[in-house]
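Participant: Got a structure for you, written out below as structure tokens; questions coming shortly.
No value in this document is a laboratory result; all are computed from the given coordinates. Here the structure is a predicted model, which means the values were calculated and not measured. Cβ coordinates were reconstructed from backbone atoms using ideal geometry, including for glycine residues, and neighbour counts include every protein chain displayed.
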Amino acid sequence: MTYAVKQQQCTNESVILKRSCRIVIGIVPVKLSERLPGKHLLKIGEITILESVIRRIRTVMDVEVYSKISIPVPYLQDNSSNIMELVSELSGKYDAFFLAGGDMPFFTVSDVKTMLDRFHGRAIVPRHQDGQIEPLFAIYSGSLKPENNLVAMIARMNPVYIETSEFSRYAFFNINTESDYRNALEIARNIGESHKMK
């Protein structure tokens, strides 16, 4: 179930990519939402959004949740000032890690595997047709210093970009408002339960 080795050098030139260049951990950050407090614990179907995120990632790798607030799932306290600082701290703990937002209810296991299958040492980031990227559904690699935003940190990693057309339709849908949540409930009704764990 675990995808690799902690603190092992991982380069594009590695001869044994499958052993030395895998992801050991999935990271799910959680903080208090000002626009929709408690959004991670809202339910879509029978379980919370956060639980569904953890379950899907856990099918292919171990998961650590870093939270600034008390939540009813096992978590590590996030004492960082912001997400950039957290990512920098994690880059000192792991050579590479998969970061996924805890408010993304519709990405699939196949979407996660698409990222993992492309990883050979360099960071992996989904990119939209207009050039926008998805920093909260990305593989981070190497030692990183905090920047003003995650986009700037990603640029320093010289990542491999994957076009978002290769992912499921609602993979990058995230919930920030009541309107988003209502839309998510409608999407869930339309796509059905079978979509969630594919």
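Participant: Name the residues in the range 46-87 that are of a type in the set (Gly, Ala, Ser) and over 16 Å from the mean Cα position of the chain (by Cα), would you?
Facilitator: Scanning the range 46-87 gives Ser70, Ser80, Ser81.
Participant: Name every residue in the range 109-135 that is of a type in the set (Ser, Thr, Tyr) and either touching a Phe, Trp or Tyr at 6+ places or on another chain (Cβ under 7 Å) or within 20 Å of Met153 (Cα to Cα) (or both), in order of residue number.
Facilitator: The one that is of a type in the set (Ser, Thr, Tyr) and either touching a Phe, Trp or Tyr at 6+ places or on another chain (Cβ under 7 Å) or within 20 Å of Met153 (Cα to Cα) (or both): Thr114.
Participant: Let me ask you something else. Hey, does the range 70-78 have a residue that's surrounded by 20 or more Cβ atoms within 10 Å (Cβ to Cβ), under 23 Å from His40 (Cα atoms) and not aromatic (Phe, Trp, Tyr)?
Facilitator: Within the range 70-78, not a single residue is surrounded by 20 or more Cβ atoms within 10 Å (Cβ to Cβ), under 23 Å from His40 (Cα atoms) and not aromatic (Phe, Trp, Tyr).
Participant: Which one of Ser67, Ser88 is free of Cβ contacts under 8 Å to residues at least 60 places away in the same chain and touching a helix residue (DSSP H, G or I) at 6+ places or on another chain (Cβ under 9 Å)?
Facilitator: Ser67
Participant: Contact list please: Cβ distance under 8 Å, first residue in the range 158-169 and in contact (Cβ under 8 Å) with a residue 24 or more places away in the chain and under 13 Å from Gln129 (Cβ atoms), second residue surrounded by 12 or more Cβ atoms within 10 Å (Cβ to Cβ) and of a type in the set (Asp, Glu), pairs at least six apart or on different chains.
Facilitator: Thr164/Glu134; Phe167/Asp111
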